[in-house]
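Just below is one structure, and these are the notes that go with it.
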Amino acid sequence: MTIYKTLRSSFAALLMISGTSIGVANADAIDDITKAGVLNVGVFADFPPFSSASADMTLKGYDMDVAQALADALKVKLVPVSVTGQNRIPYLTEHRVDLLMSVGYSKEREQVIDFAAAYAPYYIAVIGPKALEVKGKDDLAGKSIAVNRGTLEDTSLTEVVPASADVKRFDNYNSVIQAFISGQTQLMVVGNDVGAQVLARQEALAPEQKFQLLTSPSHIALNKKEDRLKQAINDTVAKMLSDGSLNKSSEAWLKTPLNPENLKD
């Protein structure tokens, strides 16, 4: 009887393990998205012209155009989820969102998440007032610099900044911009999208791009081993490129025609 009970228990345990393994193997993001009827997309809520609140308090921008096209392709409702530089990758890996917009590629991130098609040109630059002479990373010594905590900008700056620099990290881009405009910091490190707004609007400060830290197109990020979802994303971006809708969004939000060469890593 004891041997029988032991064998029966072992067999039951084996079935449980096998069933769990099969369930994991069969898990598929597209099936989950279709069943729920929604596509949860992680976006920065204060990231114009990629995504920001409009007059009716809904998010609008380049990222939102692409996210909506993805939801339309999957025939589900788009649900934007506000994320920060610190929490967005955990939001993805914990399945609180299905996708992330505006993610720069890095080898470190590739260990944790997957990257679908690049859909937007992106580079990171050091911006400062014209009167302040900064030509390269060595000139950052002794300077105060604002950056969004936990983002690719933060990583890129950390890799090159001299020890004597005073790096002030903030939790969103609005705080980074305000720190720079108010004089709390001498410089700021942001992407070309955020920087373009400051360059255009702050005539008195006369800000200018000093030098680039990194050139990297923005990707759509997803969890690993989601091949069907990745293919759906890639197909949608390819369609938007071929039918001109991605260029239309670029002209509307980035104020420049889209050069497909700038989408290459």
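Quick notes on this one:
- Matching residues, region 216-265, being touching a helix residue (DSSP H, G or I) at 6+ places or on another chain (Cβ under 6 Å), among the β-branched types (Val, Ile, Thr) and closer than 14 Å to Phe50 by Cα: Ile220
- Here is the figure for region 230-254: residues that are more than 20 Å from the chain's Cα centre (by Cα), of a type in the set (D, E, K, R) and either modelled with pLDDT of 95 or more or assigned to a loop (DSSP other than H, G, I, E, B) (or both) total 3.
- Identity of the residue in region 210-242, small (Gly, Ala, Ser) and closer than 24 Å to Val97 by Cα, that ends up surrounded by the fewest Cβ atoms within 10 Å (Cβ to Cβ): Ala238
- Where strands (runs of 3 or more DSSP E) fall entirely within region 87-205, those with at least 2 residues that are without any contact (Cβ under 8 Å) to a residue 24 or more places away in the chain are at 166-170.
- Answer residue from region 131-158, given it is crowded, with 18+ Cβ neighbours inside 10 Å and of a type in the set (Ser, Thr, Tyr) and is nearest to Lys210 (Cα to Cα) among those: Ser156
- Residue check for Val161: of a type in the set (Val, Ile, Thr), on the phi < 0 side of the Ramachandran plot, within 18 Å of the chain's Cα centre (by Cα) and crowded, with 16+ Cβ neighbours inside 10 Å: no
- Pairs, first outside the structural domain of Asp193 (by TED's automatic domain parsing) in region 245-259, second of a type in the set (Gly, Ala, Ser) and not in a helix (DSSP H, G or I), C-beta under 7 Å, six or more apart: Trp253/Gly61
The values are calculated or read from the model by the stated rules, or taken from the named source; none is laboratory data. Quick caveat, the model's predicted, so the values are computed rather than measured. Note that we place each Cβ from the backbone using ideal geometry, even for glycine, and neighbour counts take in every protein chain shown.
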